[in-house]
Amino acid sequence: MDYLTLAIATGRTSKQAMKLLEQAGLNFPDYNNKSRKLVIYDETKTVKLIFVKTADLTTYVEKGAADVGIIGKDTIMEEQPDVYELVDLNFGKCQVVVAGFPTRKIRNGAPITVATKYPLITKAFFDRKGIRVETIKLNGSIELAPLIGLSEVIVDIVETGTTLKENGLVVLDKIVDISARLIVNKASFATKTYQIEQFISKLKAVLE
Ligand code: PRP
C-alpha cells in the first residue's frame, strides 16, 4: 500500500502536531527536535511525514506532493487553497487581531496603513467595516512596523500577548479565532479514501 504523505510545518506548532500524532498511535523513530531530516516514516511504514515551511504547506497539499497537511486556519483563510479542510485539530489556538498603540483610533477618513502577513484577511475585515486601508505586506516581526512608523496599525496573530506587550502595543479589534486544521488534497481523498479515513479516525479518537 502507498504511504500517506503528511506535511507539517516547521516552527511553533510542529511539537504539538508531533504530540497529537504520537497520541494517535503514530510513532516516528527518527523524529527528534534537533534533527534536520525532512522526511521520516512511522513505525508501521504507513505514514510518510515531510517538514515544510508554513508558507509553502498549502502548495504541497494542493499540488498533491502531500496527501494531507496540518496548517493554521489563518493560512487557509489567507491563501484559500483548493483543498478539503476536514478536521479542527484543537491546538495552535490564537487570534488574528488588529493591534497598535493604545491611543490609536480606528475610524474612517484617510486610509489607515496596516502592516501584515495577511493582506487578504485584512482587506476583507476592513471592507466589512467600511474602513479604507493601505496594506503593507511583511513576512515577520510585524510588531516592529508601528514602532518605527512603517504603519499605523498591524494585523497579526496573538497567542500569549507577550510580543504585543513587550512592544507597547495593544489589541484594538479582534478579527477571528484560529486553530490548526487538517487539510486534504482533493484527488488523494478520492484515491486514498480508506487510508485518509483511517488516519482521521485515529486523530478524532484523540480529540474526542
Ligand atoms: C507570531 C506573531 C507574533 C507572535 C505572537 O510570530 O507574528 O509576532 O507570534 O505570539 P505571542 O502573542 O505569544 O507573543 P512568530 O513567532 O511566528 O514569528 P515572526 O515574527 O517571524 O512571524
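Just so you know, all these numbers are worked out from the coordinates, no wet-lab data involved. The structure presented is a predicted model; accordingly, all values stated were derived computationally and were not measured. Glycine also receives a Cβ, built like all others from the backbone with ideal geometry; neighbour counts cover every protein chain displayed.
Among residues other than Ile157 with Cβ under 9 Å from its Cβ, the summed charge is -2 (Lys and Arg +1, Asp and Glu -1). Within the shell of other residues whose beta carbon sits under 13 angstrom from the beta carbon of Thr58, the net charge comes to -2, with Lys and Arg scored +1 and Asp and Glu -1. Relative to the longest principal axis of the Cα atoms of the chain, helix 193-207 runs at roughly 60 degrees. Charged neighbours of Arg181, selected by a Cβ distance under 9 Å, balance to -1 (K, R count +1; D, E count -1).
Cα centroid separation, the stretch 46-90 to the stretch 119-184: 22 Å.
Charges were assigned to the Cβ only: +1 to each Lys and Arg, -1 to each Asp and Glu. The resulting dipole of the chain about its Cα centre is roughly 340 debye. Hey, if you put +1 on the Cβ of every Lys and Arg and -1 on every Asp and Glu Cβ in the stretch 39-156, which of Leu86, Ile142, Gly69 ends up farthest toward the positive end of that dipole? It is Ile142.
Considering only Thr113, Ile175, Tyr60, the residue lying farthest towards the positive end of the dipole of the chain is Thr113, judged by Cα position with unit charges set on Cβ. Taken about its Cα centre, the stretch 94-177 carries a charge dipole of about 320 debye when Lys and Arg each add +1 at the Cβ and Asp and Glu each add -1 at the Cβ. Computing FRET efficiency as 1/(1 + (r/R0)^6) for Lys165 and Phe91, where r is the C-beta to C-beta distance and R0 is 22 Å, gives about 0.45. For Thr59 and Ala190, FRET efficiency with R0 = 22 Å and r from the beta-carbon atoms, rounded to 0.05? That gives a FRET efficiency of 0.65.
Here the stretch 121-160 is assigned +1 on the Cβ of each Lys and Arg and -1 on the Cβ of each Asp and Glu. Its dipole about the Cα centre then comes out at about 240 debye.
With the highest mean first, a sort of the peptides 96-109, 182-195, 62-75 on other beta-carbon atoms found within 10 angstrom per residue produces 62-75, 182-195, 96-109.
Round to the nearest 0.05 the FRET efficiency obtained for Lys15 and Lys202 when R0 = 22 Å and r is the Cβ-Cβ distance. Calculated value: 0.70.
Residue pairs exceeding 28 angstrom between C-alpha atoms, taken from Lys34/Lys93; Lys48/Lys174; Lys105/Lys165; Lys137/Lys186; Lys48/Lys117: Lys48/Lys174; Lys137/Lys186; Lys48/Lys117.
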